[in-house]
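The values are calculated or read from the model by the stated rules, or taken from the named source; none is laboratory data. The model shown is predicted, which means the values in this text are computed figures rather than measured ones. Areas reflect the complete protein model, heavy atoms only, side chains present, ligands, DNA and RNA absent. Shrake-Rupley method; radii C 1.70, N 1.55, O 1.52, S 1.80 Å.
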Amino acid sequence: MKIKIGDTVRFLDSVGGGVVKAFCSGNVVMVETEDGFDVPVYENEVVVITPGSTLVPKAELKLPVKEEVRVEHKPKPVHPRPTSKAGEKLNIVLAYLPDEINELGKCGYEAYIVNESNYDLYLIYSTEDRDTGERKMLFSGNIPYDSVEYIESFAVEDLSDRRRIACQIIPYKSDTKYGAKPCIDAVVKLEPQRFFKRHAFAPNPYFDEGAITFVLMNDDKEAPRFEIRSEDIQSKMDEKIRQDQKIKAKAKPVIDPNAPLVVDLHHHELLDTTVGMEPKDILEYQKRTVIETMEANLKFPGKKIIFIHGKGDGVLRKEVEKIMKSRYDFCSMQDASFQEYGFGATQITIRKEQRKQK
């Protein structure tokens, strides 16, 4: 029988059961037990109980399933609620751990919430669409005071759906009076490429293993998170181009065709900062620099231009070659002097031939 939200189920391998609240990735369902706790279990480890039924299927009747290896990151045991003043300040951290640190890019990952305060938290953990702002809930439930709580597991192919994670949090105390705290609505940006790098999973005070962590609250203060939109990046790039053009306009043009013009395309030479810029944004700026340099020097036949692109993985070098072949095929192109520039530079010589009409 297919499990639905709201179904009453019993556990096959342990005593008890509850009501299905939500579905999680990896064929996991969230079951609210009679004690009010949310318990994640695999779908094949529960059975739907119809009203009035007392039948509990025997364990040996279960179909054999492939055993999954899961690393257990045990949370701290819940002890009596602390009363210290330090505990009154919220310190909340979102953490991600790999199932197997030596299999990054192949293994699954787990998400945890660290609650270092004497407040309980009600958490709604969702993905958020950057363009529309729409959210999809992945988890909701209580996070006890002074605890580390498991949130979800997901496969490596699910990383692209988790580029933006929203955490809505309501702090409260269930068993005593408490000072009201503002509700929290924090959005963090996950960079999928970080989950493939071992050094990204750094030592931390919460787990024995390394983890990627995001501070949601630090001593009652929400950690700053900067959202840089693509239009903001474009505006900064355009402003940089205008400033460069003003500098070029003031400078005296070099008319000696034997004096090569050297243009370093490394981003740290072209841009004051790359904060908030994706690699594709940086590459686009470098390509525009090549085109503008060529356009400004076409009136100097015989002039040599050296584009320093570095050796690297060859991406920028290929883009320079592509621009030359598609827009300036009447100019000659060759490797620049190895003694002066090593392997990472291309020399262009401006020719008198007219540009081909495209």
Checklist entry - Under a 1.4 Å probe, what is the accessible area of segment 269-358 per residue, stated in Å²? => result 61
Item to check | Carbon + sulfur, % of accessible area of segment 137-204 - ligands and nucleic acids excluded, 1.4 Å | outcome: 51
Checklist entry - With every protein chain present, what accessible area does PHE196 have (1.4 Å probe, heavy atoms only), rounded to the nearest 10 Å²? => result 110
Checklist entry - What part of the accessible area of segment 1-42, given as a whole %, is carbon or sulfur when the probe is 1.4 angstrom? => result 56
Checklist entry - Using a 1.4 angstrom probe with every protein chain in place, what is the largest-first accessible-area order of MET294, MET277? => result MET277, MET294
